Every structure is written in structure tokens, then in C-alpha cells.
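Remarks on the structure that follows.
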Amino acid sequence: MIKFHEIKVGDIVQVEYEGTRFDGDVIELDHEDKLVRIHNGEQEFWYSPGDLYAIPLDDVQLQKLKFSRELNGDGSIKYLRGPFRILLPGKDHFSSFEIWYREDHRQIHQPIGVHDLQNYYYDMTKVHLTRE
């Protein structure tokens with residue numbers, strides 16, 4: 001479950017509906033009723049935050065977000081999208097890593113979801129991170 005205050009328009013999340021999960025984009029927030037409007041590529045519908053789940057950040061998700069991957073000689077992995085960087089200390093260690101954009105450098109010490117990365121990216125670059 002994702003807390004309502006963590007959700008922003010443009011975030012990519014998973015929605016559970018009648019026992020099935022699918023990915024969708026947040027297209028609108030209703031702050032009064034605390035509902036989230038999700039577009040799944042075919043249709044739009046309103047959901048409560050209790051129906052929304054984070055998509056775990058991993059190599060597949062970063063590739064969908066158009067990050068390129070570089071293997072470093074020390075065994076670390078760097079993901080790049082323009083001047084934005086993600087550095088993993090070892091193979092697929094998404095539980096503790098660094099992100100940076102120009103002089104803004106941050107340490108992440110827990111697994112995060114795609115929507116979290118999108119929110120960090122926006123906070124640091126002032127540009128929305130999308131799959132397109």
C-alpha cells in the first residue's frame with residue numbers, strides 16, 4: 001500500500017482490482033476524498049490508496065524508464081539517463097545505492113519503488129521521469 005501523501009501525478013504504480021494487479025499511471029488526485037485516478041493504457045478509474053502498490057525498482061524497471069546501464073571495473077553498476085546517475089555498489093543491490101544529479105547527491109538505504117524514484121528525480125531535476 002502507498003500512502004496518499006507519497007503519490008504524485010505522473011507516478012507509475014501497481015493497482016489491485018478484484019485480485020488482479022496491473023501497472024498504471026497516476027493522472028489525477030482527489031485530495032478531498034483521498035482518491036487516485038489511474039490510467040492503465042486502456043481505461044481510467046478512481047482507486048483508494050489501499051489499492052495501490054509500489055512497483056519495486058530493479059534493472060527491468062530502469063530499462064523501461066530509458067536508463068542505460070554501465071558495468072564498472074570494481075563490480076558496481078551505474079545507470080544513466082542524461083546527467084542523472086544511479087550507482088549500485090554491486091550486482092543488483094537495490095537496497096542501498098546512490099543517486100545524483102549535478103551537485104545534488106543522495107544516499108538511499110532501503111529498497112524503493114518506481115514512484116519513489118520518479119519523485120526523487122523530479123525533486124532533483126524539476127523534470128518528470130516517464131517511460132516515454
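Among the listed values [x] 51; [y] 59; [z] 74, the one matching percent of Cα pairs over 17 Å apart as calculated from this structure is [y].
The helix-only estimate of mean residue ellipticity at 222 nm for the chain, built from DSSP H runs of length n ≥ 4 each weighted as -39500 (n - 2.57), is -4000 deg cm²/dmol after division by the residue total.
Derived scalar couplings between HN and Hα for region 61-69 equal 5, 5, 5, 4, 8, 6, 7, 9, 10 Hz in order, rounded to whole Hz, by the Karplus curve 6.51 cos²θ - 1.76 cosθ + 1.60 (θ = phi - 60°), x for Gly and Pro. Cα centroids of region 53-73 and region 92-132: 11 Å apart.
For Ile55, the residues whose modelled amide H falls within less than 5 Å of its own, excluding neighbours fewer than 5 places apart on the same chain, are Gln14, Val114, His115. Among the lysines of the chain, pairs at least eight places apart or on separate chains and with Cα atoms under 29 Å apart come to 19.
Taken together, the values in this text are just the output of simple stated rules run on the coordinates, not laboratory data. Predicted, not measured: the structure shown is a model, and the values here were computed from it.
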